[in-house]
Amino acid sequence: MLGWALVRVAVGYTGLGMEAGLRTIDERMMRQALSLAHVAARLGEVPVGAVVYRGEKVFGAGINLREHAADPTAHAELIAMRQAGRRLGTWRLDECSLAVTLEPCPMCAGAMVNARLGRLIYGCRDPKMGCVDSLFRLCHEERFNHRIFCLEGVDREACGAVLSDFFAQRRAGANPPKPVFDPSLDLLDWQHWLKIRDPGTATHVRQDAGEPAG
Ligand SMILES: [Zn+2]
């Protein structure tokens, strides 16, 4: 009996350790997503950033690039997932987590279900487009063949602030000029899009966010 009790205590501690470890990784990844959102703001894009990771390794990173790419699907999460698929050589991201600053829209939440994403971590809710918890609950939908573990509110204030600051500056006319379509932009080329306008920023983010592994 004592033996079993010790095993249960040990398993309990391991479980707690894993949970605490994951939390720390999630928080760190969210900070990377946040620094990417700040890059998007500097580029004049609505600031959303995302990273896809497995364990402590980043396999994909994205920022919203709708204006530069003239592409309605160029959301941070989709870019990050496409990069991760290419780097991992599979569309299945069931062993991956994705951290994004804003609650995903229906398109991105749908793509996450299609990717069989393992875990989703997001910062603040989006009452107008959010389809994880706000308007629809696509990642929790029992009728789909896949459901995603979701954790919201990681760095919520900072994730909300980058957006509210961006729109406040836009109202004050203080934002960078509206980006123009760049036909040479390769959404899957992390190095390329980080250098779109501000090489100094790109260097800063690479140090902050780390290079996607692979
Ligand atoms: Zn989206």
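Coordinate-derived values only; no laboratory data. Just so you know, these numbers come straight off a predicted model, no measurement behind them. Glycine gets a Cβ as well: all are built from the backbone with ideal geometry, and neighbour counts include every protein chain shown.
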Interchain or sequence-distant (5+) residues whose placed amide H lies within less than 5 Å of the amide H of Gly60 are Val52
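If you add up the charges near Asn145, with Lys and Arg at +1 and Asp and Glu at -1, over every other residue whose beta carbon is less than 13 angstrom from its beta carbon, what do you get? Don't jump to the answer; show the numbers that get you there.
Values: positive: Arg92, Arg116, Arg143, Arg147; negative: Asp94, Glu141, Glu142.
That works out to +1.
Would you work out the Kirkwood radius for segment 43-192? I mean one over the mean of 1/r across all pairs of different Cα atoms, in Å. Walk me through the numbers before you get to the answer.
Numbers: mean 1/r = 0.0638 Å⁻¹.
Here the Kirkwood hydrodynamic radius works out to 15.7 Å.
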Around Leu117, which amide H atoms from residues at least 5 apart in sequence, or from another chain, sit under 5 Å from its own amide H, with H modelled in the peptide plane? Leu93
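With the Cα gyration tensor of segment 148-194 giving a ≥ b ≥ c as the square roots of its eigenvalues, does the rule (a/c under 1.5 for rounded; else a/b larger than b/c for prolate; else oblate) give rounded, prolate or oblate? Please list the in-between numbers first.
Numbers: a/c = 3.26, a/b = 1.15, b/c = 2.85.
Oblate, since a/c reaches 1.5 and b/c is not below a/b.
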Within straight-line cross-link reach of Lys57, lysines at Cα separation under 26 Å, skipping those fewer than 8 residues along the same chain: Lys195
Heads up, segment 62-150 by the C-alpha gyration tensor (a ≥ b ≥ c square roots of eigenvalues; a/c under 1.5 rounded, else a/b over b/c prolate, else oblate) looks oblate
